[in-house]
1. It is to be established whether one or more residues within region 97-117 are open to solvent by less than 40 Å² (accessible area, probe 1.4 Å), over 15 Å from T17 (Cα atoms) and either of a type outside the set (V, I, T) or in contact with a helix residue (DSSP H, G or I) (Cβ under 6 Å, 6 or more places away or on another chain) (or both).
2. Inside region 42-52, can you point out the residues that are open to solvent by 90 Å² or more (accessible area, probe 1.4 Å) and closer than 20 Å to H123 by Cα?
3. I'd like the full set of residues that are assigned to a helix (DSSP H, G or I) and in contact with a Leu (Cβ under 7 Å, 6 or more places away or on another chain), limited to region 14-58.
4. Among the residues of region 124-140, which ones are touching a Gly at 6+ places or on another chain (Cβ under 7 Å), part of a helix (DSSP H, G or I) and farther than 17 Å from E59 by Cβ?
5. Just one of (1) buried (at least 18 other Cβ atoms within 10 Å of the Cβ); (2) assigned to a helix (DSSP H, G or I) trips up F61, so point out which.
6. Pairs under 8 Å by beta carbon, first residue surrounded by 11 or more Cβ atoms within 10 Å (Cβ to Cβ) and modelled with pLDDT of 95 or more in region 30-41, partner of a type in the set (S, T, Y) and in a helix (DSSP H, G or I), six or more apart or different chains?
7. Select from region 64-96 the residues that are open to solvent by 50 Å² or more (accessible area, probe 1.4 Å) and touching a residue at least 40 places away in the same chain (Cβ under 8 Å) and write down the one among them that is nearest to the chain's Cα centre (by Cα).
8. The conditions are (1) touching a Leu at 6+ places or on another chain (Cβ under 9 Å); (2) part of a helix (DSSP H, G or I), and K69 fails exactly one of them. Which is it?
Amino acid sequence: MGNIRRYYIPDAIYFITCVSYHRKELFNKVVNIDLFWRIFKEVKKIYSLKIYAHVLLYEHFHFLINPAKGNISKVMHSLKISFSKEYKKIHNIEENIRLWQYRFWDHIIRDENDFKTYFDYIHYNPVKHRLVKRPEDFGESSYRFWVRKGVYQLGWGYGIDEKLEELDLE
């Protein structure tokens, strides 16, 4: 496996994509979704994460996050290993299993335009994957939160800009 060079920049915001092993649908059951968010809250506290946007699809997730403590590799390692251990416990699995693809994909946000592109991409992702027709119809996303805050208006994401449709960040 080749070396991946990660850049750790203090106070940077990262776009993260993390995919399950063989795209196994981990997040199609409430018990696994609840477990993920429980583990995420623990990791968030340890690394003082600020999360700007998220979407948790069946076999992958995206975040826009800022780790105040530690680096993004430590954050992701902690999240993936902790989730895997607890997943095995709640599903009574004793043998070794693999839940995640090796590594994860990251992108350091460079400016406000870059932030907006990835922010919108995250919220449009369930529509892109044809899980729903409208972003507000997908529950495991921060989209509804941002609608309540006035960042998006209901109706955003219907007939979206082709730029978001063409992006492939998974």
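1. The answer is yes; a qualifying residue exists.
2. Selection gives K50 alone.
3. Residues satisfying the conditions are Y21, N32, I33, F36, I39, F40, V43.
4. The answer is Y124, P135.
5. (2)
6. Close Cβ pairs satisfying both conditions: N32/Y87; L35/Y87; I39/S82.
7. A68
8. The single condition K69 does not satisfy is (2).
The values are calculated or read from the model by the stated rules, or taken from the named source; none is laboratory data. Keep in mind that this is a model prediction, so the values were computed, not measured. Cβ atoms come from the backbone with ideal geometry, glycine included; neighbour counts cover every protein chain shown. To get the accessible areas, we keep the full protein, side chains included, count just its heavy atoms, and leave off ligands, DNA and RNA. Shrake-Rupley method; radii C 1.70, N 1.55, O 1.52, S 1.80 Å.
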